[in-house]
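I have placed the structure first, in the form of structure tokens, so that the comments after it can refer back to it.
What follows is calculated from the coordinates using simple rules that are stated; it is not laboratory data. Keep in mind the model is a prediction, meaning the values are calculated, not measured. FYI the Cβ positions are ideal-geometry reconstructions off the backbone, even for glycines, and counts take in every protein chain you see.
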Amino acid sequence: MPGVPSAEELSALPAAELAERLAEAYRLIGELTAQIERLSARVNVLERQARKDSSTSSRPPSSDSPYKKKGGDRSLRERGKRRPGKQPGDPGMTMSLVDDPDETIDCPPGACCGCGADLAAAPVFFIKNLERVQGDERDAIILSIGYGKNARGDLPYRFGPLLSEGGERRLNVAVTRADG
């Protein structure tokens, strides 16, 4: 190795110089050991940051790399052959609809806050679910989608029947109920 004296060269040195070189070598070894420990700690921090994604930190899913494979947390069990759900033709456990589930909510403000016009003859609002709107026609239709966290605190990306098969037809029915 260049720069490293051989055993013969070291044995020819006087004891004082040999002690001085040995002390310098120990000092250098101490500095290098401390530097290795600092760099190892830094590498650990960077590796921990590189492993973070939206499922292990508060980062948004858009910050995840599209090139990383996610298959590590999936079950090793083989996928079943049958489709989920009940057998075709089984009525299931869906709650049956009542004949007239509509509810009239009387909202009688005395006058308009903006212009002060009398609202005694203002129309009453009818609240209906999307499945029961068929055949109704009103002067104005207000569509509202209830969206929020479930009992477990999750925020499911479901909008009821609008995202199921035929949802576009249901939405079309709802928006075309307005008169005029």
Check: residue 82 versus residue 65, label points 7 Å from Cα toward the beta carbon: distance in nm?
Finding: 4.1 nm
Item checked: Computed lengthening from residue 43 to residue 12, 0.36 nm per intervening residue step minus Cα-Cα distance -> 6.9 nm
Check: For all pairs of alpha-carbon atoms in region 1-57, what percent lies in each bin of width 10 Å, listed from the first bin to the last filled one?
Finding: 18, 27, 19, 16, 11, 7, 1
Notebook entry, point to check: Which FRET efficiency value, to the nearest 0.05, do you get for residue 175 and residue 119 by plugging their Cβ-Cβ distance into 1/(1 + (r/R0)^6) with R0 = 35 Å?
Noted result: 0.85
Checklist line | Subset of 86/149; 128/149; 52/86 violating a 32 Å alpha-carbon distance limit | finding: 52/86
Item checked: Computed lengthening from residue 90 to residue 163, 0.36 nm per intervening residue step minus Cα-Cα distance -> 24.0 nm
